[in-house]
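The values are calculated or read from the model by the stated rules, or taken from the named source; none is laboratory data. All values derive from a computational prediction rather than experimental measurement. Note that each Cβ is placed from the backbone with ideal geometry, even for glycine, and that neighbours are counted across all protein chains shown. When the accessible area is computed, the model is the full protein with side chains, heavy atoms only, and any ligands, DNA or RNA have been set aside. Shrake-Rupley method; radii C 1.70, N 1.55, O 1.52, S 1.80 Å.
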Amino acid sequence: MNLETLYSSYFNDLYRYLLSLSCNHFVAEELVQETFFRAFLHLEDNEIGNIKAWLFKVGYHAFIDFTRRKNKKNALIEEIKGLELLDNNTPENQFIERDQLSQLIQSIHTLPEKESQAILLCDLHQLKMHEAAEVLGLNLNTLKSHIYRGRKKLKTILEKRGILHEEG
């Protein structure tokens with residue numbers, strides 16, 4: 001698969017993932033470009049099995065490198081701005097969905113980093129658990145426990161904020 005085909009196939013997924021990490025449109029675009037630049041350098045020499053998971057891993061490492069360069073201790077920012085959603089009929093629906101997604105992502109970002117990353121990759125970006133474990137450099141069982149603990153904490157946070165209603 002050539003780089004142009006990869007770019008057109010995975011740009012949107014990778015951009016959304018990096019936007020959820022950086023919470024900044026311009027940073028996400030820069031990181032996507034960095035990811036595909038790194039892919040260009042390594043694809044000729046290496047045979048990659050699961051290209052999507054590999055690109056997410058490269059993007060994640062580009063994000064980590066970016067945050068290190070900027071000397072940020074906390075890589076996750078609480079507010080997401082400028083998130084555009086696809087194909088909704090009315091401005092009201094767009095606003096409601098954007099607001100709900102923003103609140104969800106804000107809540108996810110209050111979790112410890114590994115838990116928030118695990119939930120973002122598996123639940124929002126629908127990577128398989130073994131792919132997410134590879135992206136984060138974790139053992140599969142460790143990833144599963146991060147997801148379990150993160151979902152449990154996230155449920156409590158959403159209930160406290162009134163976004164999710166307590167059961168029974």
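For the stretch 96-140, the solvent-accessible area of protein heavy atoms averages 45 Å² per residue (probe radius 1.4 Å; ligands and nucleic acids excluded).
What order do you get for 5-11, 106-112 when each peptide is scored by the mean count of other beta carbon atoms within 10 Å, highest first?
On the way: 5-11: 14.9, 106-112: 18.3.
Taking the mean over residues of other Cβ atoms within 10 Å, the ranking is 106-112, 5-11.
If you take the beta carbon distance between residue 9 and residue 100 as r and set R0 to 30 Å, what does 1/(1 + (r/R0)^6) give as a FRET efficiency, to the nearest 0.05? The value I calculate is 0.60.
What FRET efficiency comes out for residue 29 versus residue 141 if R0 is 35 angstrom and r is the Cβ-Cβ distance? Round to the nearest 0.05. Mind showing how you got there, number by number?
Values: r = 35 Å, r/R0 = 1.00.
Efficiency, from the Cβ-Cβ distance: 0.50.
Order of 18-25, 116-123 by packing, highest average Cβ count within 10 Å first?
On the way: 18-25: 21.2, 116-123: 23.8.
Ranking, from highest mean packing down: 116-123, 18-25.
Kirkwood-based Rg over Rh for the stretch 117-166 (C-alpha set), two decimals? Mind dumping the intermediate values first?
Details: Rg = 12.0 Å, Rh = 11.3 Å.
For the stretch 117-166, the value is 1.06.
Cross-link pairs exceeding 24 Å between alpha carbons, from the set 52/152; 128/152; 57/144: 52/152.
What value in Å³ per residue do you get for the convex hull of the alpha-carbon atoms in the stretch 1-59? Working shown, then result.
Values: hull volume 4.0 nm³, N = 59.
Taking the convex hull of the Cα positions in the stretch 1-59, it is 67 Å³ per residue.
A simple count of charges around residue 149, restricted to other residues whose Cβ falls under 13 Å of its Cβ and scoring Lys, Arg +1 and Asp, Glu -1, yields +4.
Per-atom-type breakdown for the stretch 106-146 gives carbon and sulfur 47% of the accessible area (1.4 Å probe, protein chains only).
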